[in-house]
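Chemist: Questions regarding the structure given below will be posed in turn.
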Amino acid sequence: MATIISHSAADTLQFGRQLAATLKPGDVLALSGDLGAGKTCLVKGIAAGLGITQAVTSPTFTLIHEYPPLAHVDLYRLDSAAGIGLEDYLDAPWITVIEWADRCAALLPAHTKHIRLTVVDDTTRQIEVE
């Protein structure tokens with residue numbers, strides 16, 4: 001497991017950009033962490049690293065935003081992901097990033113990369129990558 005300390009939103013964005021360089025279609029990232037831990041900020045960095053120029057926002061109400069080749073899923077408002085079509089995004093050609101991934105643990109493929117973001121203080125986050 002790798003641990004990264006982010007001292008600002010800019011650091012988290014930069015880590016996301018670097019992480020994007022390692023991703024390929026079919027990859028699934030399962031993000032966990034409390035509200036305000038930086039999950040969406042990390043996704044914004046990943047999108048930027050993939051060359052996506054659209055504004056990336058949390059899909060809290062729509063559940064899934066598509067920014068080909070990235071699918072951004074937010075399960076905050078759900079108890080489970082049953083019946084929302086998540087399975088369609090868990091394989092190529094998508095890179096799928098799921099916020100609140102604990103709510104769909106049974107659906108996640110074995111190759112899923114788990115990332116936990118923890119609030120240390122107002123500006124500092126600990127990012128653990130399995």
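Each reported figure results from applying straightforward, stated rules to the coordinates on display, with no laboratory input. Since the model is a prediction, treat every value here as computed from it, not as a measurement. Cβ: placed from backbone, ideal geometry, glycine included. Neighbour counts: every protein chain shown.
Chemist: Under 10 Å from the Cβ of ILE98, count the other residues' Cβ atoms, weight Lys and Arg +1, Asp and Glu -1, and hand me the total.
Modeler: -1
Chemist: Kirkwood Rh and Cα-based Rg: tell me the resulting Rg over Rh for the chain, rounded to two decimals.
Modeler: Over the Cα atoms of the chain, Rg/Rh equals 0.93.
Chemist: Per-residue ellipticity at 222 nm for the chain, helices alone: DSSP H runs ≥ 4 residues times -39500 (n - 2.57), over residue total, nearest 500 deg cm²/dmol?
Modeler: Values: 2 runs with 23 residues, N = 130.
Per the formula, -5500 deg cm²/dmol.
Chemist: Also, quick follow-up: Fewest to most neighbouring Cβ within 10 Å: what's the order for ASP122, ASP34?
Modeler: Taking fewest neighbouring Cβ atoms as first place, the list is ASP122, ASP34.
Chemist: Taking only Cα atoms, what is the 0 to 90° angle, nearest 10, from helix 9-20's long axis to the longest principal axis of the chain?
Modeler: For helix 9-20, the angle is close to 50 degrees.
Chemist: Restricting to bridges with both residues inside the chain, how much of the DSSP beta-bridge set is antiparallel, in percent to the nearest 5? Working shown, then result.
Modeler: Details: 14 of 27 bridges.
Close to 50 percent.
Chemist: Right, something else. Let me know the charge dipole size of region 2-129 about its Cα centre in debye, to the nearest 20, where only the beta-carbon of Lys, Arg (+1) and Asp, Glu (-1) is charged.
Modeler: In total the dipole reaches around 240 debye.
Chemist: Run the simple label-point estimate for ALA10 and VAL119 please: 7 Å along Cα→C-beta, distance reported in nm.
Modeler: 2.3
Chemist: Name the chymotrypsin sites (Phe, Trp or Tyr not before Pro) in region 35-115 that are in a loop by DSSP and that have at most 12 other C-beta atoms within 10 Å, would you? Display every interim value, and only then the final one.
Modeler: Numbers: sites: PHE61, TYR76, TYR89, TRP94, TRP100; in loops: PHE61, TYR76, TRP94, TRP100.
Passing sites in region 35-115 are PHE61.
Chemist: How big is the gap, in Å, between the Cα center of region 91-130 and the Cα center of region 1-54?
Modeler: Each part reduced to its Cα centre gives a spacing of 9 Å.
Chemist: Taking the Cβ of each residue in THR112, THR62, THR118, THR12 as the centre, tally the other Cβ atoms inside 10 Å and list the residues starting with the fewest. Walk me through the intermediate numbers first.
Modeler: Numbers: THR112 18, THR62 11, THR118 15, THR12 24.
Ranking THR112, THR62, THR118, THR12 by Cβ neighbours within 10 Å, fewest first, gives THR62, THR118, THR112, THR12.
Chemist: Which whole-Hz couplings ³J(HN,Hα) result when phi for each residue of region 104-112 is put into the Karplus expression 6.51 cos²θ - 1.76 cosθ + 1.60, θ = phi - 60°, listed in order with x for Gly and Pro?
Modeler: Coupling constants for region 104-112: 9, 3, 5, 8, 5, x, 4, 7, 4 Hz.
Chemist: Using only Cα atoms, find the angle between the long axis of helix 39-49 and the longest principal axis of the chain, and express it within 0 to 90 degrees, rounded to the nearest 10.
Modeler: 90
Chemist: Let me ask you something else. Where in region 37-130 are there trypsin sites (Lys or Arg not before Pro) that are in a DSSP coil and have at most 12 other Cβ atoms within 10 angstrom of their Cβ?
Modeler: Counting only loop positions with at most 12 other Cβ atoms within 10 Å, the trypsin sites (Lys or Arg not before Pro) in region 37-130 are ARG77.
Chemist: May I ask you to evaluate 6.51 cos²θ - 1.76 cosθ + 1.60, the Karplus curve with θ = phi - 60°, for each residue of region 122-130 and list the ³J(HN,Hα) values in order in whole Hz, giving x for glycine and proline?
Modeler: 3, 10, 9, 10, 9, 10, 10, 10, 8
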